[in-house]
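Take a look at the structure below.
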Amino acid sequence: MAYHTKNGHEFVGLRVSVGGEMQVVYDALAGKRRVLEIKSRSTNQSTIDDALRESIVCKNVFSGLVTALNARSIEVDYLD
């Protein structure tokens, strides 16, 4: 699951690493890239997808992403 803003300048997506950890990726055309690793492997992917869809329509996508994950009690580690 991955989403772009309407203007195409920002991206959020979910990926699974080689070790099986889920990671949320935020990338902006301006060069800002953040990778957030989901702490719990038992987190439901559909819950993460809901947070991604909620964040991509926010004026500040990254802030919206963090807020949406926190609202769903999804704990993350910042990898970068």
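The values are calculated or read from the model by the stated rules, or taken from the named source; none is laboratory data. From a predicted model like this one, the values you see are computed outputs, not experimental measurements. Cβ: placed from backbone, ideal geometry, glycine included. Neighbour counts: every protein chain shown.
Can you find a residue that is surrounded by 14 or more Cβ atoms within 10 Å (Cβ to Cβ), modelled with pLDDT under 95 and assigned to a loop (DSSP other than H, G, I, E, B) anywhere in the range 12-23? Looking for residues that are surrounded by 14 or more Cβ atoms within 10 Å (Cβ to Cβ), modelled with pLDDT under 95 and assigned to a loop (DSSP other than H, G, I, E, B), one finds at least one in the range 12-23, hence yes. Residues in the range 58-72 that are in contact (Cβ under 8 Å) with a residue 40 or more places away in the chain and over 14 Å from residue 27 (Cα atoms): 69 only. Per the conditions (1) in a helix (DSSP H, G or I); (2) loosely packed, with under 14 Cβ neighbours inside 10 Å, the sole criterion not satisfied by residue 30 is (1). When the range 41-70 is filtered for residues that are over 14 Å from residue 14 (Cβ atoms) and surrounded by fewer than 12 Cβ atoms within 10 Å (Cβ to Cβ), the ones remaining, listed by number, are 42, 57, 59, 60, 63. Considering only the range 73-80, I want to know if a residue exists there that is loosely packed, with under 14 Cβ neighbours inside 10 Å, at negative phi and among the hydrophobic types (A, V, I, L, M, F, W, C). Within the range 73-80 (the criterion being loosely packed, with under 14 Cβ neighbours inside 10 Å, at negative phi and among the hydrophobic types (A, V, I, L, M, F, W, C)), the answer is yes, since at least one residue qualifies.
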